[in-house]
Amino acid sequence: MSPLTLFLLASLILLALGLVGLITRRTLVGMLISVELMLNGAGLSIVAAAKTSSLTGLLDIHGQLAALFVMGLAAAEATLVLAMVLVVQRRFGRITMDSVSTIKGSNCESH
């Protein structure tokens, strides 16, 4: 197996684990961690493809810049989601998706 195949297989595993976690998790923090896994898998595949520049035609620096962009996107996404988690925690008292997805009830009528 070539190194590119191994790196792409590892990134596919990260993407699959993130997708399974996103579907099965009930808390917002668990969903955030799952999305971060998916973004790390995407970044790994970009760097692996750029590292083997003979196959893709990309320079190594392009892959590194794309990976930095993905990491910046992940950091911004984590900041926004954590801010939303704090708002949901203060408003509903817990951070499960059930509390966010239900609009009816005594919690929402008082606000």
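Select from segment 27-77 the residues that are at pLDDT below 85 and within 10 Å of the chain's Cα centre (by Cα) and list them in ascending order.
Once the filter is applied, which keeps residues that are at pLDDT below 85 and within 10 Å of the chain's Cα centre (by Cα), segment 27-77 yields nothing.
Kindly indicate the residue of segment 1-26 that is outside any helix (DSSP H, G or I) and in contact with a Ser or Thr (Cβ under 9 Å, 6 or more places away or on another chain) and also modelled with the highest pLDDT among those meeting that condition.
Arg25
Do the conditions hold for Gly43, that is, is it closer than 27 Å to Met97 by Cβ and not aliphatic (A, V, I, L, M)?
Spelling it out, Gly43 is indeed closer than 27 Å to Met97 by Cβ and not aliphatic (A, V, I, L, M).
The values are calculated or read from the model by the stated rules, or taken from the named source; none is laboratory data. Remember, it's a predicted structure, so these values are computed and weren't measured experimentally. Glycine gets a Cβ as well: all are built from the backbone with ideal geometry, and neighbour counts include every protein chain shown.
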